[in-house]
Each structure stands twice: as C-alpha cells, then as structure tokens.
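One structure below.
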Protein chains: 2
Amino acid sequence: MPELRRDPIVGRWVIIATERGKRPSDFKIDVPDTNPKNCPFCLGNERLTPPEILSYRETNTKPNTPGWWTRVVPNKFPALQIEGTLDRQAVGIYDKMHGLGAHEVIIDSPDHLKTPADLEDHYVEKIIWAYRDRIVDLKKDNHLKYILIFKNHGKVAGATISHPHSQLIATPIVPKRVKEELKGSLQYYRYKERCIFCDIIRQEIKTKERVIIESEYFLSFAPYASRFPFEVCIIPKKHRAEFALITPKEVEDLAKILKSTLAKIKKALSNPAYNYIIHNIPSTLRGDLEDYHWHMEIMPKLVNVAGFEWGSGFYINPTAPEVAAEYLRES
Amino acid sequence: MPELRRDPIVGRWVIIATERGKRPSDFKIDVPDTNPKNCPFCLGNERLTPPEILSYRETNTKPNTPGWWTRVVPNKFPALQIEGTLDRQAVGIYDKMHGLGAHEVIIDSPDHLKTPADLEDHYVEKIIWAYRDRIVDLKKDNHLKYILIFKNHGKVAGATISHPHSQLIATPIVPKRVKEELKGSLQYYRYKERCIFCDIIRQEIKTKERVIIESEYFLSFAPYASRFPFEVCIIPKKHRAEFALITPKEVEDLAKILKSTLAKIKKALSNPAYNYIIHNIPSTLRGDLEDYHWHMEIMPKLVNVAGFEWGSGFYINPTAPEVAAEYLRES
C-alpha cells in the first residue's frame, strides 16, 4: 500500500508510491507514444482498464463495452488506494500514514488524438459533468478530505498515456496549496468582508489588460502574479465556492470558454504541454462558503523549473501576463 | 527593470523578468549546446561575460584574463538588478515592487565538461569558497534579505549554458520556502528546546537505512519524506545555522562528500539532470541561531512534475528513500 510521509520541518506530505517502485534503470527509458491499437483508452479496448466507475454512453450499451462518450476508470497504478485505514503513526521523529484515497482516470472521449481544444462542445460538456459527478460521489466518503481534478497534457507535463484524459486524486488531508489559498482568502474576508476572488474578477474586468475571454458566466484571464509564461485562470464571475454546484447552463458556458482558451494556447504556442487543475473547496466545508471561490488554473510547460524556484518557492516568469493575454486574445 | 509581483491570495512573490521578455515564438527554439569556442565561461573568452566580481587565480594574472580556477560574474540577463529602490506600491488590489537584488554566476572551473562530480578536490573546494565569500560580501547590503546559492545541471534542470556553473540570487524578501522551514523549526525548538535538524541527523545516523555517506563533519542522506526519487540532503553533523561560518577543514570535507555524492548520482542514474540548492539563514538573522541548521538539497530530475503536484503541493515519489540510499551507497 502507498505510504504518506510528513516532512517534519515544513509539514509537507509526500506520497511514497511503492507500488510504482522504481529502480535507477526505470528512469532511463523514455515513455513511447501509445499506439491506438493497444491504447487502453481507445474504443474497443475497454478490457484493458479496470472496470469503469462511471460512463456516459449510448442507451442500450453495456458498461465496459463501446458506445461511451466519456468514461471514468480507476488508475491501474494508483498513487493512493481506496481500501484500508489511515493508521497514522510515528517513526521516531517522523510521521507516516497509509496512502488511503482515490485515484481515477477520466477518459476525455474515445478519440485518440482530440484534446478538449479540438473536441466538439458536447464532448467537453461531458468531461465537465464527469468531474462534477465524481466529486459529488466521492464527497460521501468521510475519509476523503479533498478531491483534486487535474489534466496532464504532453510528456513534459507528466502524461504517460497520450490518449487525452484527466485525472482525479482524493486525499485524506487537505493539500498544502489549497490550505494556503483558504488561509489567504479567509484573512482578506475577515478584513474586508468580501471574497478576494470576486474583487480580483471586478478589477480584471475593469482594467481589461489581462482578460483573454469574458463569457456570460466565466472569465478567462492571465493572473497578475503569473508564475509561468501564459498561465491562465478560468473562474465563475458570480461567487461560487463549490464546483459541484455548477448548473447545466454554466456547464455549457464553461465547456465553450475552456475549449476556446485551450485552442488559443494550442495555436499561439504550437500545442505546448500543459497542466490544468481545478481548485475547489475541501469536502468538509459548506458549498455556500463566502470567502472561497473555485477556479481552474492552466499552466503551459514552456520553461523548466530550476534550482532557484525549488529552493525559494519564488518564480521567475519571462513573459508579463499583460503580454501573454494580448497574444492569446489575438490567437 | 524586473518587477516583483505578489499573489494576493497566497502571498507568493513572482519575478516578472521583463528584460528576458519572451514572445510565443521564443519558446519554440531548443537551446543548443554551447560550443567551447564561443562559450562565455571557457578560458580565453573572459571578455564575453560582464567584468568579474571575484576570481581565485594564479598570482600575477589580471582580472578578466586566463589564469583563474573559479570565477564569479554578474548574470548577463539578471532576474533581479542591484541598482535602484524597492518602491513597493499597490496596483488596485495587487502589490508590486522593483526587482532589486543580485544575480551572479559562479563558473565552477575553466573545464567545459567537468562537473563537481568529476573535478579534482581542490577545484570543488574553490567553488565552496566562492559561495562563502559571495555570501559574506552580499550580507553587507541591507536591502538584500536572503542569498540563495543554486546549481542547475542539464537542460531539464534549467541550465541554458552547458559549461558547469552555479548561480546566486539575492532577494529583497525572505523566500516562502525558507520562511516555511524557519517557522517549522522554530515551532519544534519552542516545544523541545532542540534543533529539529540535529534530531533528524541523530536519528538518521542511528537507523542508517537512509544514510549514503557519513564523513567527519557531514552527513549525506536520503530524506524520510523525499519529494523526488533519489533526492539527497547534505548537512553539517554539528549544529551550524550560518553557512558562511564554515571552517577550512569543513570546506575540505564538504568538497569531498559533495563530490562523492554527485559522482554516485551520476553513476547510478546515468548522469541525470539535477538541481542543488543551499538553504542558509536569512541575512538578517544571527549566525548562532539555535533553531535553524544550514543544509544542501540535491534534486535529480527523473520524473516530470505534473498537475497533481502543481495543484496540491503534495508530491508523488515512486522510489522509497531507503531504496534510493541503498542504490547510492553501492554505486
């Protein structure tokens, strides 16, 4: 079973995924592109994945057979596992616990090549519904404190299977980065009695220079303190703490703005590798929280993170977000 | 002038290095290996760098001419600049200040190919003396709150010039990651009245399973909650908060253990890209601080940091540090 270990100095948890156990020689082999013939995410190869957890499919088709549009399956090499107990314990000065959690794969569509930037709108909508439905389901498990949705596109961004897919990892503790956002936005709320994200949205819409797309319900913009060149944030314009409370109209609109933003990034930067993540409230907090606001962060992988960043937690970004937004608006 | 921008939610500062200003097309070109003929760090090409700040060289040779063993020069494209004022100000809801600081390059040796893993001991000692002497000098500038020494080895680790070199960035604020370490170790000290790093060293020497090399003054080991496969920490065995207080005997010993550790990593993992950093106390704190302990962190770049890590601040490490330490001990 994977093990969670706590850094005793900064309190950061690390997943030691022993089941993926790597020897030095394992790092020397480059991951080959999957061939659609034996791609576990392609239509007709459903037997190559563990049994599906969820799928949206044509009526009268059976689970784990063709006929699906979006399909959710457990990760075959999970970083965290759903069975067992946490069993937190000391190891001398250190702390560890069992790697309890969930690790799922959301197969975007049966198409081996089309990413959300290329798919028809209704496919992108189904991906978003899958995110929403899995969050609603996993929130029922009290052991899981946080559910993180993310996508790795391209090898440099960590994708090991080229067929476009998203992932979900549910963790038994609230991750550090989410805690930092919650802490910062709560401090602001206590001082101003306003949501900091709502204030950011108002300022961005007013100044316009960092806006990429504004739709009925969402804003796509380059954050003021972007860590990476061409980093983008997509956020609901009205206050919303809980992603899973998204309405059908908002799903339609989010699918359009996500697709357009990713298509602009693909065009402007020649299909770069990227990660995107959804930052939502922890499962233990109420959906109507006034001081947090869910959002997506899209991070193209154009520069290598180097020693300075690892050592400091500071980032050097060679492209001002105003410049990035202008390029993306015009792409 | 570069600009420092503060993320209003988590308080993270980002350097918008406008002088390095990148357009989308700049990201498409791969950095070519430097040819020793026009390598700015090679012997005889001293005119290709800004004038040297420090060099250790044969007697009777002039600055900026051959005859040097280790040479320190300003970075030609600095992320931060030494002249000017901070001029911190609001931009609506946001905060910015001028990118005041220092960015220097420590050219390890005149050899275009030899890294500290391959150089003779006395060269590695000179690199360490250069780190020490530059820290002592920059500490005199009250604007600079922190001095970070780091090395990027290999393209994936962010090196843009292949001739082995280290870098130094001095910042007008204490970086987030250092603050987190200071906070965690102070909390421990208040509770136990002992340095947490000293306790870690005692436990690691006792259990042995994560130790790679133990020398007279230093310990090289795989940290219990390693974020990355084959991550290594080198730390002075006796309590030392301030790196710059290192003694000549300790420099000799550090040169040997650093060289041996890097040689083991090079051998076991087929010369991987890596970053190393030195975590020292901020310039504003006293060198005899009882609750902090300087150390080096070596991070081989074997896996891609993906969406989960960026979104959570959690790390998935596929190699247990006990396994990594065993491989490195035997390499």
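Condition test on residue A:271, is it within 11 Å of another protein chain (Cβ to nearest Cβ) and at positive phi? Outline the logic, then answer.
On the way: within 11 Å of another protein chain (Cβ to nearest Cβ): yes; at positive phi: yes.
It is true that residue A:271 is within 11 Å of another protein chain (Cβ to nearest Cβ) and at positive phi.
Could you check how many residues of the range B:317-331 are in contact with a strand residue (DSSP E or B) (Cβ under 7 Å, 6 or more places away or on another chain), more than 8 Å from chain A (Cβ to nearest Cβ) and among the polar types (S, T, N, Q)? Before you say what the answer is, go through the steps one by one.
So the first thing to find is which residues in the range B:317-331 are in contact with a strand residue (DSSP E or B) (Cβ under 7 Å, 6 or more places away or on another chain), and the list is B:317, B:320, B:325, B:328-329.
Remaining after also requiring more than 8 Å from chain A (Cβ to nearest Cβ): B:325, B:328-329.
Still in the list and also among the polar types (S, T, N, Q): none.
So the count comes out to 0.
Please determine, by comparing only the residues of the range B:1-45 that are outside any strand (DSSP E or B), more than 8 Å from chain A (Cβ to nearest Cβ) and at pLDDT 90 or above, which one is surrounded by the fewest Cβ atoms within 10 Å (Cβ to Cβ). Only one residue fits best here, namely B:44. Checking every residue in the range A:154-170 against the condition of being more than 27 Å from residue A:285 (Cβ to Cβ), facing another protein chain (nearest Cβ under 8 Å) and of a type outside the set (A, V, I, L, M, F, W, C) gives at least one match. For the range B:44-87, a tally of residues being more than 20 Å from residue B:147 (Cα to Cα) and of a type in the set (Lys, Arg) returns 3. Taking the range B:298-316 as the range and being in contact with a helix residue (DSSP H, G or I) (Cβ under 9 Å, 6 or more places away or on another chain), under 21 Å from residue A:10 (Cβ atoms), within 7 Å of another protein chain (Cβ to nearest Cβ) and outside any loop (DSSP other than H, G, I, E, B) as the test, the residues that pass are B:299, B:310, B:311, B:312, B:315, B:316.
Count, please, the residues in the range A:171-197 that happen to be within 22 Å of the chain's Cα centre (by Cα) and surrounded by 15 or more Cβ atoms within 10 Å (Cβ to Cβ). Number of matching residues: 16. Check the range A:132-150 and report whether any residue there is over 18 Å from residue A:285 (Cβ atoms) and touching a His at 6+ places or on another chain (Cβ under 8 Å). No, the range A:132-150 contains no residue that is over 18 Å from residue A:285 (Cβ atoms) and touching a His at 6+ places or on another chain (Cβ under 8 Å).
The set of residues in the range A:88-107 that are within 14 Å of chain B (Cβ to nearest Cβ) and either hydrophobic (A, V, I, L, M, F, W, C) or within 21 Å of residue A:41 (Cβ to Cβ) (or both) comprises A:90, A:91, A:93, A:97, A:100, A:102, A:103, A:104, A:105, A:106.
Condition check: hydroxyl-bearing (Ser, Thr, Tyr) and assigned by TED's automatic domain parsing to the domain that holds residue B:54. Does residue B:191 satisfy that? Considered against the rule, which asks whether it is hydroxyl-bearing (Ser, Thr, Tyr) and assigned by TED's automatic domain parsing to the domain that holds residue B:54, residue B:191 comes out as no. Scanning for something part of a loop (DSSP other than H, G, I, E, B), of a type outside the set (Phe, Trp, Tyr), modelled with pLDDT of 95 or more and in contact with a Phe, Trp or Tyr (Cβ under 6 Å, 6 or more places away or on another chain), does the range A:254-262 turn up at least one residue? No, that holds for no residue. Cβ separations smaller than 6 Å between residues 6+ apart or across chains give the following pairs from the range B:308-331 residues that are under 18 Å from residue A:160 (Cβ atoms) to residues that are part of a helix (DSSP H, G or I): B:315/B:309; B:318/A:20.
When residue A:132 is evaluated against the numbered criteria (1) modelled with pLDDT under 95; (2) under 24 Å from the mean Cα position of the chain (by Cα), which criterion, by number, is the only one it fails? Residue A:132 satisfies all of (1) modelled with pLDDT under 95; (2) under 24 Å from the mean Cα position of the chain (by Cα) except (1).
Restricting attention to the range B:155-189, the residues that are in contact with a Lys or Arg (Cβ under 7 Å, 6 or more places away or on another chain) and either assigned to a helix (DSSP H, G or I) or more than 13 Å from residue A:309 (Cβ to Cβ) (or both) add up to 9.
Determine which member of the set A:155, A:140, A:176 is basic (Lys, Arg) and without any contact (Cβ under 8 Å) to a residue 12 or more places away in the chain. Give the derivation first.
Details: A:155 fails: without any contact (Cβ under 8 Å) to a residue 12 or more places away in the chain; A:176 fails: without any contact (Cβ under 8 Å) to a residue 12 or more places away in the chain.
After applying the criteria, what remains is A:140.
Kindly indicate whether residue A:37 is of a type outside the set (Gly, Ala, Ser) and within 30 Å of residue A:313 (Cα to Cα). When the stated conditions are applied, residue A:37 does not pass them. Could you say which residue among A:206, A:264, A:238 is over 22 Å from residue A:189 (Cβ atoms), outside the structural domain of residue A:125 (by TED's automatic domain parsing) and either small (Gly, Ala, Ser) or surrounded by fewer than 24 Cβ atoms within 10 Å (Cβ to Cβ) (or both)? After applying the criteria, what remains is A:264.
Going by what's in this entry, would residue A:252 be described as closer than 30 Å to residue A:44 by Cα, touching a helix residue (DSSP H, G or I) at 6+ places or on another chain (Cβ under 7 Å) and more than 12 Å from chain B (Cβ to nearest Cβ)?
Details: closer than 30 Å to residue A:44 by Cα: yes; touching a helix residue (DSSP H, G or I) at 6+ places or on another chain (Cβ under 7 Å): yes; more than 12 Å from chain B (Cβ to nearest Cβ): yes.
Spelling it out, residue A:252 is indeed closer than 30 Å to residue A:44 by Cα, touching a helix residue (DSSP H, G or I) at 6+ places or on another chain (Cβ under 7 Å) and more than 12 Å from chain B (Cβ to nearest Cβ).
When the residues of the range A:274-297 are narrowed to those that are hydrophobic (A, V, I, L, M, F, W, C) and in a loop (DSSP other than H, G, I, E, B), which ends up nearest to the other protein chains (Cβ to nearest Cβ)?
Residues of the range A:274-297 hydrophobic (A, V, I, L, M, F, W, C): A:277-278, A:281, A:285, A:289, A:294, A:296.
Add one more test, that the residue is in a loop (DSSP other than H, G, I, E, B), and what stays is A:281, A:285, A:289, A:294.
Values: A:281: 14, A:285: 16, A:289: 15, A:294: 12 Å.
Within the range A:274-297, the match that is nearest to the other protein chains (Cβ to nearest Cβ) is A:294.
The values are calculated or read from the model by the stated rules, or taken from the named source; none is laboratory data. The structure presented is a predicted model; accordingly, all values stated were derived computationally and were not measured. When we count neighbours, we look across all protein chains shown, and the Cβ atoms used for this are built from the backbone with ideal geometry, even at glycine.
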